[in-house]
Amino acid sequence: MNLYEKIQETAAFISSKVTTQARVGIILGSGLSGLTNDIEKEASLKYADIPHFPVSTVQGHGGEMIFGKMAGKDVILMSGRFHYYEGYDMQAVTFPVRVMKALGVEILIVSNAAGGMNKNFVIGDLMLINDHINQFPEHPLRGPNDERLGTRFPDMGQPYDKELAAIGKIVAAENGIAIQEGVYIGLQGPTFETPAEYRWLHVIGGDAVGMSTVPEVIVARHGGMRVFAMSVITDIGISDVPVTITHEEVLEAAAEAAPKMATIVKGLVAQVG
Ligand code: HPA
């Protein structure tokens, strides 16, 4: 079975279980599962029960697709994502994005926890992603291209939708939430970076670094979806003194900033959902 057929089969399975008119899909990053409390849940499907879905293994990742209303609008929310470092290939990592698209989702909201390289950032900051640098060793569109999913050579001139970003900034301002803005670099992990690597990532133009998001955004753009993405800065890599970073600290910092993220996501969904 080819990718297109798998997507159709998975979408048909989901449609047989839930009725959703969601225009907006949301992917929750590490430590951000608190956002699930802002959904009036109508149904949920565990990844393990969805055909062709990989199964998430990482601590702090819930692993279910939730269907319901946020700010009165239908949404599909992925609580838990698939990371390349877990061993999945890029087709598996990005499969849920394809399925959301097949279910009618036009706008993808992506969140993540990330390390900061910008000297103006502090732990707990939210960063609107306005561009990215792909440093993953495998491209999600590598291989034969199925024109039904998108064009062979997609434009990446504006991966992050300017209009959605503008709305997000207004929502943040209206709620007294300060947000940073910058470039996200996606790396495979699972190691956090060495001090020299953080410096290098800053030199090549990055403000934040993480182990997700970029493949999902590329596939969303391939499929013609509009993207809004945001990082929670959970650690600062650029430092004069040695710093140790743990997954627990990342989860904790993300969870602390999650309510700010939730406010922005809800405000955005209210306007575009
Ligand atoms: N590096 C890579 N991924 C991350 C980091 C980091 O510092 N923090 C959270 N995810």
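Brief remarks on what is shown
- Qualifying residues in segment 179-210 (those that are in contact with a helix residue (DSSP H, G or I) (Cβ under 6 Å, 6 or more places away or on another chain) and more than 12 Å from Ile129 (Cα to Cα)) - the one nearest to the ligand (Cβ to nearest atom): Gly189
Yes/no matrix, rows are residues, columns are (1) in a loop (DSSP other than H, G, I, E, B); (2) of a type outside the set (Asp, Glu); (3) open to solvent by 40 Å² or more (accessible area, probe 1.4 Å); (4) within 12 Å of the ligand (Cβ to nearest atom):
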site	(1), (2), (3), (4)
Val232	no, yes, no, yes
Asp235	no, no, no, yes
Thr244	yes, yes, yes, yes
Val250	no, yes, no, yes
Ala255	no, yes, yes, no
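For (1) surrounded by 21 or more Cβ atoms within 10 Å (Cβ to Cβ); (2) assigned to a helix (DSSP H, G or I); (3) β-branched (Val, Ile, Thr), each residue gets a yes or a no:
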residue	(1), (2), (3)
Ala22	yes, no, no
Ser30	yes, no, no
Asn37	no, yes, no
Ser44	no, no, no
Ala48	no, yes, no
Pro51	no, no, no
Gly68	no, no, no
Tyr85	no, yes, no
Arg98	yes, yes, no
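- Test: residue in segment 134-154 that is more than 19 Å from Ala262 (Cβ to Cβ), within 16 Å of the ligand (Cβ to nearest atom) and in contact with an Asp or Glu (Cβ under 6 Å, 6 or more places away or on another chain): no
- Residue match in segment 186-195 (condition: touching a residue at least 40 places away in the same chain (Cβ under 8 Å), surrounded by fewer than 18 Cβ atoms within 10 Å (Cβ to Cβ), more than 13 Å from the chain's Cα centre (by Cα) and not in a loop (DSSP other than H, G, I, E, B)): yes
- The number of residues in segment 78-122 being away from the ligand (no atom under 16 Å from the Cβ) and touching a residue at least 24 places away in the same chain (Cβ under 8 Å) comes to 24.
- Sole residue being among the acidic types (Asp, Glu), under 30 Å from Met70 (Cβ atoms) and in contact with a Ser or Thr (Cβ under 6 Å, 6 or more places away or on another chain), chosen from Glu248, Glu216, Glu256: Glu216
- Matching residues in segment 211-230 - criterion: being within 9 Å of the ligand (Cβ to nearest atom) and open to solvent by less than 30 Å² (accessible area, probe 1.4 Å): Ser212
- Unique residue being in contact with a Pro (Cβ under 7 Å, 6 or more places away or on another chain) and either under 25 Å from Ala71 (Cβ atoms) or not hydroxyl-bearing (Ser, Thr, Tyr) (or both) when the list is Glu5, Glu42, Glu9: Glu9
- Unique residue being β-branched (Val, Ile, Thr), in a loop (DSSP other than H, G, I, E, B) and open to solvent by less than 10 Å² (accessible area, probe 1.4 Å) when the list is Val105, Val171: Val105
The values are calculated or read from the model by the stated rules, or taken from the named source; none is laboratory data. Remember, it's a predicted structure, so these values are computed and weren't measured experimentally. Glycine also receives a Cβ, built like all others from the backbone with ideal geometry; neighbour counts cover every protein chain displayed. Each accessible area value is taken on the protein alone, full model and side chains, heavy atoms only, with ligands, DNA and RNA left out. Shrake-Rupley method; radii C 1.70, N 1.55, O 1.52, S 1.80 Å.
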